[in-house]
Amino acid sequence: MNEYDGINVSNISSIYETAPVGYTEQPNFLNLCVEIQTTLTVLQLLECCLKTEECLHRVRKERWGPRTLDVDILLYGEEMIDLPNLSVPHPRMNERAFVLIPLNDIAANVIEPRSKLKVKDLVFVDDSVRRYK
């Protein structure tokens, strides 16, 4: 993401391995969170995320299906954004330990705007989310 003008990576979580959700006949996923500082609008940032996926050969065939990469915008400051092609905070992040655990590594005290709770208060134990070695 540092390759794009207006984006500076400031923190990266540990990598976590998890079983796939939804379509389970595929390899385990590796998950991490990246904190950035940006001067881009949220839609410009989304475009950079989609370009990154495309550069790494992401093909969208089926929901929750196998993929080389999935780049989501979990939070954009304290903003709540509901557009046809983008919802921020990510609409299911508070239900997903594979999102909250790495997010907690880098943003434990950040407030998730929909719940108004800190990330560290949303995170929950899930033994299926394991630190990747």
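Annotation: extensible slack from residue 37 through residue 11 equals 8.4 nm (criterion: 0.36 nm per residue apart, minus Cα-Cα distance).
Rounded, prolate or oblate: which fits the chain, taking a ≥ b ≥ c as square roots of the Cα gyration tensor eigenvalues, rounded meaning a/c under 1.5, else prolate when a/b beats b/c? Verdict is rounded for the chain. Mean residue ellipticity at 222 nm, helices only, the chain: -6500 deg cm²/dmol; runs of at least 4 DSSP H residues each add -39,500 (n - 2.57), and the sum is divided by the number of residues. Grab the beta carbon distance between residue 118 and residue 3, set R0 = 22 Å, and tell me the FRET efficiency rounded to 0.05. With a Förster radius of 22 Å, E is 0.10.
Length gained on full extension, residue 78 to residue 19: 18.2 nm, using 0.36 nm per residue less the C-alpha separation. Note: relative contact order over the chain, using C-alpha pairs below 8 Å and six or more positions apart, is 27 percent. Result for the chain in a Gaussian network model with C-alpha springs under 10 Å: among 84, 20, 113, the largest mean-square fluctuation is at 84.
Bear in mind that the values in this text are calculations on the coordinates, not laboratory data. This structure is a prediction, so every number in the text was calculated from the model and none was measured. For neighbour counting, all protein chains shown are included, and Cβ atoms are generated from backbone atoms with ideal geometry for every residue, glycine included.
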